[in-house]
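Coordinate-derived values only; no laboratory data. This is a predicted model, so every value here is computed, not measured. Here the Cβ is made from the backbone with ideal geometry for all residues, glycine too, and neighbour counts use every protein chain on show.
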Amino acid sequence: MQKLLGLLILGLAFTIGFGTVGCSKKVEKGGQSEEEKKAASTKEAAEKAKKAAEEAAAKAKQADENAKKADEKAKAAEEAAAKAKAAAAEAKQKLFSLPALEAAAVEPGKKTDVTIKIDRGEKSEDPVEISFDKLPKGVKAEGGTIAKGKSDLTVPLDAGKDAEAGEATVTAKGGTQTYTQKLKITLKKK
């Protein structure tokens, strides 16, 4: 584009310059001949054209840089969208998850059933092992297995006469995934 503008300016300068060839010199009182005035006018026009061409080239260069930046931003946005889509697809394929558990109220000296539920993913059918850790003093629970294709397990909490309130850790393990949640255990009043 700069070369084209340069050739255009050069052609204009030659056209104006050849138009003055062969003209007679008539000197006016001011000391400049008509030929000299035309030459000065042509030179001034050529300088203006050159300046305009330089400004146009600078604007074109800036536009190219802006376009490159816009392309880079668009590419980054496309990559982020692709990553988000892949993460969503991966989340759908998870085998299962263990959501927050509801509190269990036990009565000292008695057994109370508590149900542990899991959310199975699209590809989850395998058994999931449930275990209990860090039970409060006087409370016992044995883990179990959520059967293939099922989504819950009912487990008895055995509260001794000396049972105390507190939190237990429930762990669900299936395949390569392991999740833990806290189970709040409160005491029922007699």
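Starting from the Cα of residue 182, step 7 Å toward the Cβ, then list every residue of the range 95-120 with an amide N under 15 Å from that point.
Those under the cut-off are 100-104.
Under a point spin-label approximation (7 Å from Cα along Cα-to-Cβ), what is the residue 131-residue 110 distance to one decimal in nm?
3.1
Could you go through the range 97-110 in sequence order and give the Karplus-derived ³J(HN,Hα) for each residue, using 6.51 cos²θ - 1.76 cosθ + 1.60 with θ = phi - 60°, rounded to whole Hz, and x for Gly and Pro?
9, 10, x, 4, 9, 6, 5, 10, 9, 10, 10, x, x, 9
Could you give the C-alpha radius of gyration of the range 54-190 expressed as a fraction of 2.2 N^0.38 Å, taking N as the number of residues it contains?
On the way: Rg = 26.6 Å, N = 137, 2.2 N^0.38 = 14.3 Å.
Rg over 2.2 N^0.38 Å, computed on Cα atoms: 1.86.
Could you work out how far the C-alpha centroid of the range 155-190 sits from that of the range 122-142, in angstrom?
Centre-to-centre (Cα) distance: 8 Å.
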